[in-house]
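Engineer: First the structure, then my questions, so here it is.
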Amino acid sequence: MAAAAVMNGNAPSADWPGRYYHVDQILEKPGPRTDPSFLAGSGVKEFLRDKCKILVIGAGGLGCEILANLALSGFKDIHVIDMDTIDISNLNRQFLFRPKDVGKPKAIVAAEFIMNRVPGVTVTPYYGKIQDKDDDYYMQFNLVICGLDSVEARRWINATLVNLVDPEKPESLKPLIDGGTEGFKGQARVILPTMTSCYECSLDMLNKPTAFPICTIANTPRLPEHCIEWASVLEWPRVRGEQKLDTDNPEHIQWLYQIASARAKEFKIEGVTWSLTQGVVKNIIPAIASTNAIIAASCCNEAFKIATSSAAYLNNYFMLIGTDGVYSYTFEHQQREDCPVCGGESLDISISREWTVDRLIEILIERQDIQVKKPSLSSGGKQIYFQAPPQLEEATRPNLEKKVSELIEDGGEITVTATTLPFNLSLRVKYT
């Protein structure tokens, strides 16, 4: 996937009269909540509009709102990354897109829309993955805002920005503003890499994906979701063999929908729809446009405060709960001393001397504060178990049945690696 340069079309580059009138009320004089470092006047205006470079990761429901808010707040040099293309189901809430845009890259279309609508703003899109870019790319930005729906992508950018920090170079610290929504609930947070709680510190706050017992979906389904899980988990491999289920393939979703519908009819269960089938197999959380708007506004508010020092920024977590009325609150999430990303310490793990390597791997997958898929284990130069390549997996497979205590002494360290981990996790083993 390649970067794309987008021109500003025929939109005029000059600012219209009164464009910054309301913003300048904040920037021309200090207020009661002004940060001590705030210097009112032309200097802060020039930085915001001519020098500040901001990166938005994600151009979906949150990203569309964030891009528009930033452009209208005075940020003029905006970059956006997104690896996705526009689907017709996006159009009800991702308002930068139109039916003619279906199938096109979100980042490119969003950039074109913003620049045509807001004169003088430059939005540079990249249609691809955040992992495609190196440290030098991220070092150029003053701020990073995430509007992602992926835990793995958040972990990657969080670890990347933490690793960028050089204590002797203050400019290497890139504030990360992270927003997320789930139905009528949402959160926004400010992360100052190495200084405050990072994304990895709060993994245990995330909801675990819903899992249905195999015995229920196989024998006593009661919900439409049970029928869909049965179709995807049990029937797909039985009927389609080794063919991989592609959750982005409409034909595969249609097949699952038909099989699940027949299963639901057999057990007199109502509610199996095509959209629900897609939502279950892709673990899609319903998106609410109003929630996106509130969280995007909060993220951009924090970006403005950090960029201008015009007010104290969030310390460090904002929660929105709109399920029963509208309720919000803020709190300071504490940095974990044993955080494998910003803490710099090995994570202590207590296990029985009788545990096998296979049992340890199961626990690592289940633990909410680790959240790793298909982990590989090593210690020093010793290979304990590797998931890939196939030859190495076969060579280390016998170790799965061995006790960890036979391979690692008490207090010894195990290095955990995985494709879903953007860093190496160090475990200090203690036997009980």
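Coordinate-derived values only; no laboratory data. From a predicted model like this one, the values you see are computed outputs, not experimental measurements. Glycine also receives a Cβ, built like all others from the backbone with ideal geometry; neighbour counts cover every protein chain displayed.
Engineer: What aspartates and glutamates could a cross-link reach from K53, if we take a straight Cα to Cα line under 16 Å and drop same-chain neighbours fewer than 8 places away?
Structural biologist: Once the sequence-local aspartates and glutamates are set aside, what remains near K53 is D77, D135, D136, E171, E302.
Engineer: Suppose a student asked you for the relative contact order of the chain, using Cα pairs under 8 Å spaced at least 6 residues apart; what percent would you report?
Structural biologist: Numbers: 784 pairs, mean separation 66.1, N = 432.
Contact order relative to length: 15 percent.
Engineer: What does the highest-first list of 96-109, 265-278 look like by mean Cβ count within 10 Å? Walk me through the intermediate numbers first.
Structural biologist: Numbers: 96-109: 18.4, 265-278: 14.7.
For the peptides 96-109, 265-278, the packing ranking is 96-109, 265-278.
Engineer: Considering just Cα atoms, how many Å³ per residue does the convex hull of the stretch 214-282 enclose?
Structural biologist: Residue-normalised Cα hull volume stands at 75 Å³.
Engineer: Quick check: the angle from helix 250-266's long axis to the longest principal axis of the chain, C-alpha only, nearest 10 degrees?
Structural biologist: 60
Engineer: Express in nm, to one decimal, how much length is gained between D246 and R19 on full extension, taking 0.36 nm for each residue of separation and deducting their alpha carbon distance.
Structural biologist: Working: separation 227, 0.36 × 227 = 81.72 nm, distance 4.75 nm.
The span from D246 to R19 would gain 77.0 nm if fully extended.
Engineer: Antiparallel DSSP bridges in the stretch 47-157: what percent, to the nearest 5? Could the numbers behind the result be given before it?
Structural biologist: Working: 1 of 16 bridges.
Beta bridges within the stretch 47-157, antiparallel portion: roughly 5 percent.
Engineer: Sketch the reach of a paramagnetic label on S275 as a point 7 Å from Cα along Cα-to-Cβ, and name the residues of the stretch 82-104 whose backbone nitrogen lies under 14 Å away.
Structural biologist: Within reach of a label on S275, which here means backbone N under 14 Å from a point 7 Å along Cα→Cβ, the stretch 82-104 contributes 88-94.
Engineer: Full-extension gain between Q334 and N424, please, as 0.36 nm times their residue separation minus the C-alpha to C-alpha distance. All intermediate terms of the calculation are to be shown ahead of the outcome.
Structural biologist: Working: separation 90, 0.36 × 90 = 32.40 nm, distance 2.23 nm.
Extra length available between Q334 and N424 comes to 30.2 nm.
Engineer: Still on this structure: Rank by packing, highest mean first: peptides 158-170, 220-232, with packing defined as the count of other Cβ atoms within 10 Å averaged across residues. Intermediate values should be presented prior to the final figure.
Structural biologist: On the way: 158-170: 16.1, 220-232: 21.5.
Per-residue Cβ counts within 10 Å, averaged per peptide and sorted highest first, yield 220-232, 158-170.
Engineer: For the chain, find the longest principal axis of its Cα atoms and tell me its angle to the long axis of helix 61-73, 0 to 90°, nearest 10.
Structural biologist: 20
Engineer: Something else: Calculate, in nm to one decimal, what N116 and K373 gain on full extension: separation in residues at 0.36 nm each, minus their alpha carbon distance. Before the final figure, lay out the partial values.
Structural biologist: On the way: separation 257, 0.36 × 257 = 92.52 nm, distance 4.26 nm.
Extending this stretch completely gives an extra 88.3 nm.
Engineer: Please compute the contact order of the stretch 347-431 in relative form: average sequence separation of alpha-carbon pairs under 8 Å and at least six residues apart, divided by the residue count, as a percent.
Structural biologist: 38
Engineer: Here's a follow-up. Find the relative contact order for the stretch 214-282 and round it to a whole percent, using C-alpha pairs within less than 8 Å whose residues are 6+ positions apart. Let's see the in-between values first.
Structural biologist: Values: 67 pairs, mean separation 29.2, N = 69.
This gives 42 percent for the stretch 214-282.
Engineer: Could you give the distance between the Cα centres of the stretch 110-127 and the stretch 257-284, to the whole Å?
Structural biologist: Computed from Cα coordinates, the inter-centre distance equals 40 Å.
Engineer: Also, I was wondering about something else. Which of the lysines could a cross-linker span from K382 if the Cα-Cα distance has to be under 24 Å and same-chain partners fewer than 8 positions apart are dropped?
Structural biologist: Here the lysines satisfying the reach criterion relative to K382 are K373, K374, K402, K403, K430.
Engineer: Tally Lys and Arg at +1 and Asp and Glu at -1 over the other residues with C-beta under 11 Å from the C-beta of D77: what net charge comes out? Kindly include the intermediate steps, with their values, before the conclusion.
Structural biologist: Details: positive: R49, K51, K53, K76; negative: D50.
So the surrounding residues net to +3.
Engineer: Could you sort 140-147, 233-240, 253-260 so that the peptide with the highest average Cβ count within 10 Å comes first and the rest follow in order? Mind dumping the intermediate values first?
Structural biologist: Values: 140-147: 22.1, 233-240: 14.0, 253-260: 20.5.
The densest-packed peptide leads the list: 140-147, 253-260, 233-240.
Engineer: Same structure, new question: So what are the three principal axis dimensions of the stretch 347-431 from its Cα atoms, in whole Å, longest to shortest?
Structural biologist: 31, 26, 22
Engineer: With the Cα gyration tensor of the chain in hand, give its eigenvalues times 5 under a square root as the equivalent ellipsoid semi-axes, listed largest first in whole angstrom. Mind dumping the intermediate values first?
Structural biologist: Values: eigenvalues 330, 185, 79 Å².
Calculated on Cα positions only, the semi-axes equal 41, 30, 20 Å.
Engineer: Let me ask another. Using only Cα atoms, find the angle between the long axis of helix 357-366 and the longest principal axis of the chain, and express it within 0 to 90 degrees, rounded to the nearest 10.
Structural biologist: Long axis of 357-366 versus the principal axis of the chain: about 40 degrees.
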